[in-house]
1. Could you grab the relative contact order for the range 126-285? Cα pairs under 8 Å, six or more apart, rounded to a whole percent.
2. Tell me the per residue accessible area of the range 124-190 using a 1.4 Å probe; a whole number in Å² is fine.
3. Assuming 0.36 nm per residue, please report the length gained on full extension of the stretch K27 to K194 beyond their Cα-Cα distance.
4. Run the accessible area of the range 20-64 with a 1.4 Å probe and give the carbon-and-sulfur part as a rounded percent.
5. Can you tell me which of K38, K63, K168 moves the most in a GNM of the chain? Springs connect C-alpha atoms under 10 Å apart.
6. Once Lys and Arg get +1 and Asp and Glu get -1 on their Cβ, which of T153, Y138, T91 lies farthest toward the positive end of the dipole of the range 61-175?
7. In a Gaussian network model over the chain where Cα atoms closer than 10 Å are linked, find which of G144, G58, G37 has the largest mean-square fluctuation.
8. Using only alpha carbon pairs under 8 Å that are at least six residues apart, calculate the relative contact order of the chain and give it in whole percent.
Amino acid sequence: MAEGERHPPPDSSEETPPATQNFIIPKKEIHTVPDMGKWKRSQAYADYIGFILTLNEGVKGKKLTFDYKVSEAIEKLVALLDTLDRWIDETPPVDQPSRFGNKAYRTWYAKLDQEAENLVASVVPTHLAAAVPEVAVYLKEAVGNSTRIDYGTGHEAAFAAFLCCLCKIGVLRVDDQVAIVFKVFDRYLEVMRKLQKTYRMEPAGSQGVWGLDDFQFLPFIWGSSQLIDHPHLEPRHFVDEKAVSENHKDYMFLQCILFITEMKTGPFAEHSNQLWNISAVPSWSKVNQGLIRMYKAEGEAETRA
């Protein structure tokens with residue numbers, strides 16, 4: 001797919017009527033490097049990347065405080081995420097010898113594992129109930145691994161796939177694009193950051209200083225799109241503490257930078273070398289294009305992991 005090619009979240013009227021679709025429980029299909037070719041050639045890959053790029057275009061040049069439409073489905077998704085947040089409060093960390101990977105996370109995850117289909121059913125209309133078991137798998141995959149007590153960009157991708165599925169079956173519509181990023185995905189990030197801090201989750205598949213970030217990737221893509229053609233904020237400014245503190249409520253990219261600086265100590269250039277290098281790129285449009293290329297490449301590595 002060409003980098004600029006876009007596949008809008010489909011209107012349900014353009015899809016096969018859900019009642020006639022066969023829904024199946026997802027299972028891992030990529031086990032070896034050659035399997036990646038099958039994935040890259042699939043309609044699912046085209047749909048997923050198209051979804052990411054469509055949202056990227058939808059939020060271009062817009063602040064998080066931009067006035068956008070909030071549908072009932074969006075509100076229900078936020079309520080679902082609010083429930084996950086509340087469960088964190090109800091499941092405090094336990095005392096244990098090891099500093100990282102608090103085992104209380106497994107208790108929290110077990111509740112999600114048990115309730116996932118009910119949570120998804122609260123978002124999906126009854127006439128689409130057959131889709132719930134399939135879609136719920138992506139929600140369960142989106143919050144980390146309960147065995148390793150870790151979280152990474154593969155889990156983030158599962159949440160994006162969860163949202164993409166809701167678009168495919170018509171729960172989310174074309175005019176939900178901005179709200180999907182600014183309302184739902186932003187709330188998801190808040191809950192994931194709370195999970196990471198509360199249970200001291202390990203980064204999944206972290207590349208250390210050579211990776212973009214320990215936990216997230218998509219908010220850097222969509223966040224850089226938000227900043228395209230900004231009148232005075234340039235890429236070099238995101239390593240400026242004052243610029244970040246004054247503008248992070250408006251821009252997802254700067255929220256990510258703020259979280260990194262809260263979680264890590266030492267010079268930014270040392271603990272986040274890739275981002276430091278990106279700050280030297282002359283424009284946000286080039287940052288955005290480069291991150292999309294990087295995401296496609298990292299996706300291959302992540303899926304092989």
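The values are calculated or read from the model by the stated rules, or taken from the named source; none is laboratory data. The model shown is predicted, which means the values in this text are computed figures rather than measured ones. A quick note on method: Cβ atoms are made from the backbone with ideal geometry, for glycine too, and the neighbour counts reach across all protein chains shown. Just so you know, the surface numbers come from the protein's heavy atoms only, side chains and all, with ligands and any DNA or RNA stripped out. Shrake-Rupley method; radii C 1.70, N 1.55, O 1.52, S 1.80 Å.
1. Relative contact order for the range 126-285 comes out at 21 percent.
2. With all protein chains present, the range 124-190 gives 30 Å² per residue.
3. Gain on stretching K27 to K194: 57.3 nm.
4. Ligands and nucleic acids excluded, carbon and sulfur reach 57 percent.
5. Looking only at K38, K63, K168, the largest GNM fluctuation is found for K38.
6. The residue sitting most towards the positive pole is T153.
7. Judging by the Gaussian network model, the answer is G37.
8. 24
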